[in-house]
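Single-structure report; data block below.
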């Protein structure tokens, strides 16, 4: 997509740069690819979507003519669970997290090596497990992490996004499950940098809000924004494990990719939205944009 | 007597015909959409036409460019949730200087302020200029990149 369009454009230029030592080739990036999932008014995933059901708004241009429209060819998931383990938060979701891990493993589709847990509650994020999470006991693992009052949320998100971005495979859907209240107290990175890092690395953020007042807190708005802009979803922790897992797996199986002609070559961030053409109760979840490089040639 | 009856009939039918004329559905296609500052209600049409639009900072409303055969309208919703389906064809009509669009089977029609009106040929000319300018900018970037590569060799 240039929902995962970012991947497409960046990929094209990475290839150009690799060859550049001997000769210079210029690729004409003229196509945007966007992957998305769809939900109805009850927040249930819509399995079958037609091209006539939606239009794309790229910057402010409405696009209805698509070059292609196919089911996404994701064959596997790559999941990082990012956990805020500061003292005030941990007891409230540890049980939910344990269930998430258990169900993900039981459901399948996530090979052992594609599953990691990262926690943060000090100045830096800590990799709790990477590729061997199934063998660990959560209680013991989280005791290893020192208790502290600091919350480097944005730094940890950048860290986790880069971790997921190491695998450059179009067939892998990269998921960041974020257990947090959305608050950040010490990061060197900003909110925008955390968002950009997720977009650059094609990461969809599924945030689980563990704050006490989920509808008022500023952190809640931040979590909603992360999810909405990356094509993930937002849940209050009360929604329960089942709903979170269902959403991740349903999105994984019911994702479409649409390709369209690049509407304009303005360098910089192109905002993308998918909007319905007739049924206004449909909601389309996709990344909210991509970067078009300034030296892309014509 | 017959002439008098004819006159009365015409006088009776005329307002209905005028009303019907006024409510004639028009068709157009939405080609652009963005969220922008809402316009204060009392400053809508006249003030925007005079170039002194009163905007409500902070609140964002949807703005659409609606292209018809002869005229291109820029219309703006009155609230953030006035989303119009982006179908190929949008049917609308005018009432009190506002564009009214019925969304699906909704009971009420959505009211939109008219922010701009342009004759279509004029709008198309402007689009051509904009596209040409964009192509020149892209070509300029391309040349800059090529110069840089040459300089490095």
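Nothing in this text is a laboratory measurement; each read-out follows from the coordinates by a stated rule. Keep in mind that this is a model prediction, so the values were computed, not measured. Positions of Cβ are generated from backbone atoms using ideal geometry, with glycine treated the same way; all protein chains shown enter the neighbour counts.
Points worth noting:
- Mean partner shielding of peptide A:48-55, defined as the number of other chain Cβ atoms within 10 Å of each residue Cβ, is 1.
- Taken residue by residue and averaged, Cβ atoms of other chains lying within 10 Å of the Cβ of B:74-86 number 2.
- Highest average packing first - A:74-81, A:59-66, Cβ atoms within 10 Å: A:74-81, A:59-66
- Sites residue A:41 and residue B:68 - FRET efficiency at Förster radius 25 Å, r taken between beta-carbons, to 0.05: 0.20
- Gap separating the Cα centres of the stretch A:224-296 and the stretch A:190-211, nearest whole Å: 12 Å
- Centroid-to-centroid separation of the stretch B:77-97 and the stretch B:117-138 [C-alpha atoms, Å]: 24 Å
- Counting Cβ atoms of other protein chains within 10 Å of each residue's Cβ and taking the mean over peptide B:29-36 gives 5.
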